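The values are calculated or read from the model by the stated rules, or taken from the named source; none is laboratory data. Note that the structure is a prediction, hence the values are computed from the model and not measured. Don't worry about glycine lacking a Cβ; one is built from the backbone with ideal geometry, like all the others, and counts go over all protein chains shown. For accessibility, only protein heavy atoms count, side chains too; no ligands or nucleic acids. Shrake-Rupley method; radii C 1.70, N 1.55, O 1.52, S 1.80 Å.
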Amino acid sequence: MNLALKLAFKNLYYFIKNKETRTFYKIAALIGEKKRYEPGYISFSNYKMKYCDPLSFVWQYSEIFKEKYYLFTTTNQNPLIYDCGSNIGTSCLFFKENYPNSTIKAFEADPNIAKVLEENNNYNKLKNVEIINAAVWIDNNGIELTTDGADGASVYSVNANTVKVKSVRLKEILDAETQQIEFLKMDIEGAEKQVIIDCGTSLKKINNLFIEYHDFENVKQDLDKVLNTLTQNGFQYHILNAHSGANPFSVFEKKKNLQLNIFAKQIK
């Protein structure tokens, strides 16, 4: 079979052979065109979930279940997982499906989203999941958070929906942790730069690390400092552009925010 035919049939092959790919298209068909930021419920596989924004959930499912961004290798039968930025709990479902005996600490800053996270975890009867309604940050003094009703709550966005929320210093939590953390996921909409740099040597408590890295217009880029912090603490990393496409230099003219997915593993 020549290359053109291989490329033409690649997506069809995945659709036929891969259950998660078929489910993704089903979810997209059911709720992908629904009005933004209107909550609802959807069932898939053996789960039922409340979502806050239909389109956000479509892409959450794609990254988490179809693309398996959070799948890691471990010999630990009872892995400890830190889920920083749990949102409505799609990630918790994935972790429990793949690591059923795991213990999960789920951090969610947005008080309204944290209620949905708790509802979804309870409905799907997830065990050993501790929900911490607080922003992962560099101190314990609380922080102003701008919410969007979905998965974009950030310390950098500017709109009318700003609330003061509780914050927890991740470095202190890591230092107090008595177990090695098998996986830490960090999707905290821009705060990851300060948090990773602040954690420093405390990152050695983590075996596998996922960071959704964001840059915002008029905010200094610190990607070099984040990567240097990982290197200095024994990690090897791999980076994917979350919004790759044609004409990459157009991001400067369009002033698009940069988003990268960083996959890091402790090399011992």
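Sum -39500 (n - 2.57) across every DSSP H segment of at least 4 residues in the chain, then divide by the residue count to get the 222 nm mean residue ellipticity, nearest 500.
-9500 deg cm²/dmol
Counting other Cβ atoms within 10 Å, which GluC sites (Glu not before Pro) in region 183-267 have at most 11 and lie in a DSSP loop?
When the GluC sites (Glu not before Pro) of region 183-267 are filtered for loop state and at most 11 Cβ neighbours within 10 Å, Glu217 remain.
Report Rg (one decimal) and Dmax (nearest whole number) for region 78-132, counting Cα atoms only, units Å.
That works out to 9.9, 30 Å for Rg and Dmax.
Set the Förster radius R0 to 35 Å, insert the Cβ-Cβ distance between Lys115 and Phe249 as r into 1/(1 + (r/R0)^6), and round the FRET efficiency to 0.05.
Between Lys115 and Phe249 the formula returns 0.25.
If you average the sequence gap of Cα pairs under 8 Å that are 6 or more apart and divide by the length of the chain, what percent do you get for the contact order?
Result for the chain is 13 percent.
May I ask which of Lys66/Lys204; Lys35/Lys125; Lys66/Lys96; Lys17/Lys66; Lys115/Lys185; Lys96/Lys193 have a Cα-Cα span longer than 23 Å here?
As for pairs spanning more than 23 Å Cα to Cα, those are Lys66/Lys204; Lys35/Lys125; Lys96/Lys193.
Counting alpha carbon pairs within less than 8 Å and at least 6 residues apart, what relative contact order, in whole percent, applies to region 109-234?
22
For Val163, tell me the accessible area in Å² from a 1.4 Å probe, rounded to the nearest 10.
Ignoring ligands and nucleic acids, Val163 comes out at about 60 Å².
Compare the Cα positions of Ile31, Phe183, Val168 along the charge dipole of the chain (+1 at Cβ of Lys, Arg; -1 at Cβ of Asp, Glu; about the Cα centre) and return the one farthest towards the positive end.
About the Cα centre, the residue reaching furthest to the positive side is Ile31.
Put +1 on the Cβ of every Lys and Arg and -1 on every Asp and Glu Cβ in the chain; which of Met49, Val116, Gln232 then has its Cα farthest towards the positive end of the dipole?
So the residue we want is Met49.
Trypsin sites (Lys or Arg not before Pro) within region 77-117: which are DSSP loop residues with at most 16 other Cβ atoms inside 10 Å? Before the final figure, lay out the partial values.
On the way: sites: Lys96, Lys105, Lys115; in loops: none.
Within region 77-117, no trypsin sites (Lys or Arg not before Pro) qualify (loop, at most 16 other Cβ atoms within 10 Å).
Rounded, prolate or oblate: which fits region 49-88, taking a ≥ b ≥ c as square roots of the Cα gyration tensor eigenvalues, rounded meaning a/c under 1.5, else prolate when a/b beats b/c?
prolate
Probe of 1.4 angstrom, ligands and nucleic acids ignored: what's the accessible area per residue over the chain, in square angstrom? Could you put the intermediate results ahead of the total?
Values: 14310 Å² over 268 residues.
Here the per-residue accessible area is 53 Å².
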